[in-house]
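Asker: Pasting a structure here, questions to come.
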Amino acid sequence: MTQLTLVIGNKNYSSWSLRPWLVMKHFNLPFQEIRVPLYTSDSLSQLQQYSPSGKVPVLLHNNITVWDSLAICEYLAETFPHLHCWPEDKSTRTLARSISAEMHSGFQTLRQNMSMNCCTKYPGKGLVSGVQQDIDRITDIWQECRQKFSVGGDFLFGNFTIADAMFAPVALRFVTYDVQIDSVSRNYVEAILSLPAIQEWITAAKSETEVISKFEF
């Protein structure tokens with residue numbers, strides 16, 4: 001098998017990069033990591049060497065280029081079916097895909113006002129009009145999944161799946177901005193934070209020296 005290569009941005013800020021990175025780390029897929037700092041004068045030219053979109057993340061494998069975080073996760077699930085990156089049951093898998101797609105395309109107000117930042121705490125910041133609505137929808141999703149699938153483990157569908165990777169950056173945001181959430185959602189955030197791969201990501205983020213002002217208060 002040709003080595004997997006994942007091109008990512010700054011770990012402190014790049015929520016999209018975290019998602020496929022977390023899937024690959026959690027399922028013990030060996031891969032080479034290429035980190036391209038974002039919002040520099042040559043970021044675009046560097047990224048265009050790997051991706052037609054000029055954005056992160058990008059997966060390179062067997063002369064195949066996959067860009068977009070959810071597309072990468074789907075490629076990994078298809079290429080390594082034995083890992084069960086999605087739930088095995090069809091109806092459960094459909095729900096997992098639906099909430100992952102909703103996360104992928106939605107919650108713009110939350111994204112714009114509570115950017116991912118692993119290294120700083122901004123309690124109470126970013127809670128502008130519309131953000132609470134996004135928070136409420138996310139915690140509703142979490143509560144529904146945990147109610148239905150809590151017997152299998154601590155994640156949305158019991159065992160860790162791509163759906164958890166899609167929501168992991170939100171869990172980190174809730175910590176950064178000290179978002180007040182229900183006990184079920186708090187327990188889920190703690191489960192995400194307890195993942196060794198998440199701790200590895202946060203440690204690496206704290207060692208980065210770049211500061212992107214648009215993601216800081």
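The values are calculated or read from the model by the stated rules, or taken from the named source; none is laboratory data. Please read all numbers here as calculations on a predicted model, not as lab measurements. Here the Cβ is made from the backbone with ideal geometry for all residues, glycine too, and neighbour counts use every protein chain on show. SASA here: full protein model, heavy atoms, side chains in, ligands and nucleic acids out. Shrake-Rupley method; radii C 1.70, N 1.55, O 1.52, S 1.80 Å.
Each row is one residue, and each column tells you yes or no for (1) open to solvent by 40 Å² or more (accessible area, probe 1.4 Å); (2) part of a loop (DSSP other than H, G, I, E, B); (3) among the aliphatic types (A, V, I, L, M).
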| residue | (1), (2), (3) |
| --- | --- |
| Arg137 | yes, no, no |
| Val151 | yes, no, yes |
| Ala163 | no, no, yes |
| Val184 | yes, no, yes |
| Asn187 | yes, no, no |
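Asker: To continue, here is another question. Of all residues in the stretch 189-203, which are assigned to a helix (DSSP H, G or I) and open to solvent by 30 Å² or more (accessible area, probe 1.4 Å)?
Answerer: Hits for the stretch 189-203 are Glu190, Leu193, Pro196, Gln199, Glu200, Thr203.
Asker: Further question on the same structure: Just give me the residues in the stretch 8-51 being in a loop (DSSP other than H, G, I, E, B), among the hydroxyl-bearing types (Ser, Thr, Tyr) and within 13 Å of the chain's Cα centre (by Cα), in sequence order.
Answerer: Tyr13, Ser14
Asker: So, one more: Take the conditions exposed (fewer than 13 other Cβ atoms within 10 Å of the Cβ), free of Cβ contacts under 8 Å to residues at least 60 places away in the same chain, among the hydroxyl-bearing types (Ser, Thr, Tyr) and within 28 Å of Ser43 (Cβ to Cβ) and apply them to Thr109. Does it pass?
Answerer: Values: exposed (fewer than 13 other Cβ atoms within 10 Å of the Cβ): no; free of Cβ contacts under 8 Å to residues at least 60 places away in the same chain: yes; among the hydroxyl-bearing types (Ser, Thr, Tyr): yes; within 28 Å of Ser43 (Cβ to Cβ): yes.
In short, no.
Asker: Across the stretch 112-135, what is the number of residues that are farther than 15 Å from Val189 by Cβ and either in contact with a Lys or Arg (Cβ under 6 Å, 6 or more places away or on another chain) or open to solvent by less than 50 Å² (accessible area, probe 1.4 Å) (or both)?
Answerer: 10
Asker: Just one of the numbered conditions (1) exposed (fewer than 14 other Cβ atoms within 10 Å of the Cβ); (2) polar (S, T, N, Q); (3) assigned to a strand (DSSP E or B) is not true of Thr5; which one?
Answerer: Failing condition for Thr5: (1).
Asker: Does the stretch 15-28 contain any residue that is without any contact (Cβ under 8 Å) to a residue 12 or more places away in the chain and open to solvent by less than 20 Å² (accessible area, probe 1.4 Å)?
Answerer: No, the stretch 15-28 contains no residue that is without any contact (Cβ under 8 Å) to a residue 12 or more places away in the chain and open to solvent by less than 20 Å² (accessible area, probe 1.4 Å).
Asker: While we're on this one: Give the stretch 173-182 a look and list any residue that's open to solvent by 10 Å² or more (accessible area, probe 1.4 Å) and either touching a Leu at 6+ places or on another chain (Cβ under 9 Å) or touching a residue at least 60 places away in the same chain (Cβ under 8 Å) (or both), or say none.
Answerer: Within the stretch 173-182, Arg173, Val175, Val179 meet the criteria.
Asker: Does any residue of the stretch 89-106 turn out to be in contact (Cβ under 8 Å) with a residue 40 or more places away in the chain, over 15 Å from the mean Cα position of the chain (by Cα) and part of a helix (DSSP H, G or I)?
Answerer: The answer is yes, given that some residue of the stretch 89-106 is in contact (Cβ under 8 Å) with a residue 40 or more places away in the chain, over 15 Å from the mean Cα position of the chain (by Cα) and part of a helix (DSSP H, G or I).
Asker: Among residues belonging to the stretch 107-123 that are part of a helix (DSSP H, G or I) and over 16 Å from the mean Cα position of the chain (by Cα), point out the one that is farthest from Cys73 (Cα to Cα).
Answerer: Asn113
Asker: Looking only at the stretch 54-88, count how many residues are open to solvent by 50 Å² or more (accessible area, probe 1.4 Å) and in a loop (DSSP other than H, G, I, E, B).
Answerer: 6
Asker: Check Gly158 against each of (1) surrounded by fewer than 17 Cβ atoms within 10 Å (Cβ to Cβ); (2) more than 27 Å from Gly9 (Cβ to Cβ); (3) among the small types (Gly, Ala, Ser); (4) touching a helix residue (DSSP H, G or I) at 6+ places or on another chain (Cβ under 6 Å) and name the one condition it does not meet.
Answerer: Result: Gly158 passes all but (1).
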